[in-house]
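To start, the structure under review is shown below, and the notes come after it.
The values are calculated or read from the model by the stated rules, or taken from the named source; none is laboratory data. Given the structure is predicted, the values throughout are model-derived calculations rather than measurements. Cβ: placed from backbone, ideal geometry, glycine included. Neighbour counts: every protein chain shown. Side chains included, ligands, DNA and RNA excluded: accessible areas come from the protein's heavy atoms. Shrake-Rupley method; radii C 1.70, N 1.55, O 1.52, S 1.80 Å.
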Amino acid sequence: MNEASHPRVVAVVASPRRDGNTTALVAAALERLTALGCRCETIDLCALRIAPCEAHDDCAELAECVHADDAAGAIDAVYEAEGLLLASPVYYENVSAQMKLFIDRCYHPYMHERRLAAGVVGLIAVAAETGLEETIAALQRYVRLSSERDIPTCSVTGLADERGAAAADPDLRAAARHLADDMAKYLLPVV
């Protein structure tokens, strides 16, 4: 298989910490996907300049979003990926502000009937205590609204109450690698 034929997986990391627990689980999943033959790319939302949606009444008539920021490139990568990984820490029983901001900015492609190309989506949520189900449900809603078909989704959730806890937890890292294996079933030909 040549490089161009390797499926492309884009991971959207919505943690404000570049070395946080969410990032640790994404790294474990992407390491496994890379080893299996995928080309992986990470979009670290905290490193991007993304303005909030301003609820333009004429969004459907605008050829492009009015904001000249980093969102368009991130959205293009997400919508063109063959595999998608969405990862968020749990903040106040839901996705982080960074993920919500990204989801809101996907309204423009939604209004222009642009849909996800992904053949599979992986979801990762990490909480200190509660809110895992609500966070996964919010990510699933985004996937459903962004597609005209049922995209298979796989998810992993975990508890990590202090920085570095996920990286130090072999069971959580193993769960992230298992998520990657589940995604690979949809992305890679059986050998």
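Per-residue ellipticity at 222 nm for the chain, helices alone: DSSP H runs ≥ 4 residues times -39500 (n - 2.57), over residue total, nearest 500 deg cm²/dmol?
Working: 6 runs with 72 residues, N = 191.
Per the formula, -11500 deg cm²/dmol.
Of Thr157, Ala180, Leu116, which is farthest towards the positive pole of the stretch 79-191's charge dipole, taken about the Cα centre with +1 and -1 on the beta-carbons of Lys, Arg and Asp, Glu respectively?
Checked the options; the winner is Leu116.
Could you please report the charge total around Leu159, scoring K, R as +1 and D, E as -1 over all other residues with beta-carbon less than 10 angstrom from its beta-carbon? Spell out each step's value before the answer.
Numbers: positive: none; negative: Glu129, Asp161, Asp169.
Spelling it out: positives minus negatives among the neighbours equals -3.
Tell me the carbon and sulfur percent of the accessible area for the chain, rounded to whole percent, probe radius 1.4 Å. Before the final figure, lay out the partial values.
Details: 4820 of 9670 Å².
Here it works out to 50 percent.
Which far-off residues, 5 or more places away or on another chain, put their amide H under 5 Å from the one on Leu85, with H placed in the peptide plane?
Under 5 Å from the amide H of Leu85: Val10, Ala11, Val12, Gly122.
Just check the stretch 1-71 against the gyration tensor rule for me: Cα atoms, a ≥ b ≥ c as the square roots of the eigenvalues, rounded for a/c under 1.5, and otherwise prolate or oblate depending on whether a/b exceeds b/c.
On the way: a/c = 3.76, a/b = 1.63, b/c = 2.30.
Taking the square roots of the gyration eigenvalues as a ≥ b ≥ c, the stretch 1-71 is oblate.
Could you please report the charge total around Gln98, scoring K, R as +1 and D, E as -1 over all other residues with beta-carbon less than 14 angstrom from its beta-carbon? Please report the intermediate quantities before stating the final value.
Values: positive: Arg17, Arg18, Arg49, Lys100, Arg105; negative: Asp44, Asp69, Asp70, Asp104.
Result for the local shell: +1.
Note down the net charge around Arg32, summing +1 for each Lys or Arg and -1 for each Asp or Glu among other residues with Cβ under 11 Å from its Cβ. Don't skip to the answer; put the middle values down first.
Values: positive: Arg173, Arg177; negative: Glu31, Asp181, Asp182.
So the surrounding residues net to -1.
As a test of understanding, state the convex hull volume per residue of the stretch 32-71 from its alpha carbons, in Å³. Spell out each step's value before the answer.
Values: hull volume 4.8 nm³, N = 40.
Hull volume normalised by residue count: 120 Å³.
Sequence-distant or interchain residues sharing an amide H contact under 5 Å with Cys40, placed H: which?
Answer set, sorted by chain and number: Val9.
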